[in-house]
Structure formats: C-alpha cells, structure tokens
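To start, the structure under review is shown below, and the notes come after it.
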Amino acid sequence: MNVPYAEVIGDPIAQSKSPAIHTFWLKKLGLEGHYSPCLVELAGLEAYLAERRSDPDWRGCNVTMPHKLAIVPMLDRLDPLAAKIGAVNTVVRENDGTLTGYNTDAPGFLEPLRDELAKTHLFRMARVLGTGGAARAIVAALAQEHFVIVLAGRDPGKARAMLDELASGKDHHAIDLAHFVHPTDFAFDQREGCMDLIVNASPLGMTGQPPLAFDFSHAPPGSVVYDIVTSPLDTQFLKEAREAGFSTVDGLSMLIGQADSAFEHFFGRKPPREDDQTLRDLILS
C-alpha cells in the first residue's frame with residue numbers, strides 16, 4: 001500500500017513550520033502519511049504541479065510566498081472563498097487528478113481572535129500592514145467581521161484597489177506604509193467598547209527581510225498587535241508592542257489555525273486540537 005503525502009511549497013521554504021505541525025498531528029492520530037517541505041521556484045511552479053497531478057499518493061500542498069497569487073490560474077477550480085480572495089494557500093488533488101484551490105488563511109487568521117470577536121463592539125478598526133497574498137485573505141476576513149480597515153502598503157494605489165475589491169463600504173482607508181514610521185501626537189478618542197487591531201501582514205521582520213518600522217504612538221489604547229511572521233516567531237514588532245503595553249498574537253497561532261483545514265483536506269481527519277499547547281512547545285523547543 002502506498003503512503004499518502006502532502007507538502008508545503010515556496011521559495012524560501014526551509015524556515016516553514018508546517019511540516020512540524022502536520023507530522024505532529026499524523027503521529028497523534030496514528031495515521032499513515034507524511035508531509036514535507038519542497039523548494040519550488042516561481043519559474044518551476046507549473047512543472048511541479050504537472051508532475052504531482054499524476055501521482056495518486058500526493059494529496060496536495062500548502063502554498064507560501066511567493067506563490068499564493070501566481071498559482072491561481074494553474075488550478076482547475078477554486079473554492080468560493082479562494083475565488084473571492086484571489087489567493088490560494090492550499091491545493092487539493094481530487095481523485096481524477098484535477099486540482100482545487102482553497103484559502104484557509106482567512107479562517108486561520110481569525111481563529112485566535114474568535115473569543116474577542118464573539119463580543120459586541122461599538123466599533124472595530126484594523127490597521128493592516130502589507131498588500132500581498134496573505135494580506136488579501138486578512139482584509140477579506142476582517143471585512144466579513146465588520147472592521148473598518150486602514151490598509152498600508154508601499155503603493156497606496158494598490159492598497160486602495162485591494163480594499164475596493166475585497167471590502168465593501170466606503171469607510172476604509174489606503175495609506176503609505178511610511179505613514180507609521182514616525183511618531184504621531186494624535187489624541188485617540190474613548191476606546192471603551194471598541195476593538196482595535198494592528199496587523200503585520202507583510203514579510204517585513206522575517207528572517208532575511210528588512211525590519212518592520214512602526215511607531216506604536218499610532219496604536220490606539222487597548223489594541224491587539226498581531227504579526228503573521230513565523231520566522232522568527234517572536235519578532236521585533238511583537239517585542240516592541242509588549243514593551244509598549246499591548247497584548248500580542250504571534251504567527252504560529254494563524255499557522256496552526258490555517259493548517260487545521262488543510263490537514264482535513266489532505267488526510268481526511270480533524271487534527272487533535274486539544275494538543276495545541278504541546279504542539280507549540282514542540283515547535284518552540
């Protein structure tokens with residue numbers, strides 16, 4: 001009997017924590033199967049998919065930078081959420097060899113915020129930094145949860161177009177990422193009953209990338225600061241946020257959340273989420 005397998009693809013890929021997550025769940029459930037990283041350059045993406053299509057043991061792959069947008073036209077169909085977002089982070093091989101794209105980044109991003117989102121707020125605002133594939137999923141998810149979004153990118157025009165496409169309503173704002181670099185003396189109003197998020201949805205601060213420059217005078221009191229970067233897990237952005245008195249969410253929370261749906265697609269079982277703390281400890285050891 002051949003062993004089913006799945007992969008995570010990207011460039012670079014050595015830093016990915018996805019293999020540790022899926023391997024942990026496979027062992028906990030006693031399932032046959034394996035999950036491994038695979039370095040795929042952008043120029044080789046189409047050839048990779050063509051080769052894997054013909055392998056019935058290949059159940060699919062997770063997709064990370066820089067392929068979440070580029071892979072879309074190479075697939076046979078998209079799940080409705082992936083079609084709306086226009087970015088794919090999970091590819092599933094169907095029994096007939098066709099490929100379906102999903103986006104599990106959106107629900108994965110929201111997962112660690114669910115307790116707070118279950119509350120009633122007078123106002124919700126999110127400052128989102130970055131305009132790549134992950135940011136698309138995050139903007140769509142936040143719009144669905146009735147946030148007013150301030151989207152910051154190096155190209156404010158690109159940010160505006162993304163908001164117009166993914167977030168209904170006219171209250172959202174697109175600005176230059178450089179706006180947050182320098183201190184502000186803006187006097188925030190009463191935040192009682194409000195939910196404020198500051199999200200790094202860019203690769204800035206990741207190992208091998210420039211740091212994210214953000215002055216926390218731009219963060220309203222009581223904000224939750226969320227960084228989707230996973231290497232390093234405790235970024236300088238998060239350290240500075242804690243020093244400024246803000247609560248934080250790290251990228252491993254989103255990574256585990258998005259992996260949950262992908263694992264079920266690949267291996268047909270819900271992962272053992274009661275072991276999340278053990279899994280976090282394993283990855284951080």
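Which lysines, if any, have their Cα less than 20 Å from the Cα of Lys17, not counting same-chain residues under 8 positions apart?
Lys27, Lys28, Lys68, Lys270
Taking neighbour Cβ counts within 10 Å as the exposure measure, how do Leu166, Leu204 sort from fewest upward?
Values: Leu166 23, Leu204 20.
Ranking Leu166, Leu204 by Cβ neighbours within 10 Å, fewest first, gives Leu204, Leu166.
Can you give the charge dipole size of the chain about its Cα centre, rounded to the nearest 20 debye, using +1 on the beta carbon of Lys and Arg and -1 on the beta carbon of Asp and Glu?
With Lys and Arg at +1 and Asp and Glu at -1, about 220 debye.
If we restrict to alpha carbons, what Rg and Dmax does the range 1-60 come to, in Å?
So, for the range 1-60, Rg and Dmax equal 12.4, 37 Å respectively.
Taking N as the number of residues in the range 107-249, what is its alpha-carbon radius of gyration divided by 2.2 N^0.38 Å?
0.97
Just going by the charge dipole of the chain, with Lys and Arg at +1 and Asp and Glu at -1 on Cβ, which of Ala87, Val181, Asn200 is farthest out on the positive end?
Ala87
Which value results when the Cα radius of gyration for the range 71-141 is divided by 2.2 N^0.38 Å? If you can, show how the numbers build up before the last one.
Working: Rg = 14.6 Å, N = 71, 2.2 N^0.38 = 11.1 Å.
Dividing the Cα radius of gyration by 2.2 N^0.38 Å gives 1.31.
Once you list every other residue whose beta carbon is under 12 Å from the beta carbon of Ile13, what net charge do they have if Lys and Arg are +1 and Asp and Glu are -1?
Overall, the nearby charge balance is -2.
Can you give the three extents of the C-alpha atoms in the range 13-151 along their principal axes, from longest to shortest, in whole Å?
52, 36, 29
Along the three principal axes, how long is the range 125-176 when you take its alpha carbons, biggest first, rounded to the nearest angstrom?
25, 21, 17
Helix 156-166 against the longest principal axis of the chain: what's the angle in degrees, Cα atoms only, rounded to the nearest 10?
Once rounded, the angle reads 60 degrees.
As a test of understanding, state the convex hull volume per residue of the chain from its alpha carbons, in Å³.
134
Taken together, the values in this text are just the output of simple stated rules run on the coordinates, not laboratory data. As the structure is a computational prediction, the values presented were derived from the model and not from experiment. Note: ideal-geometry Cβ built from the backbone for every residue, glycine included; neighbour counts use all protein chains shown.
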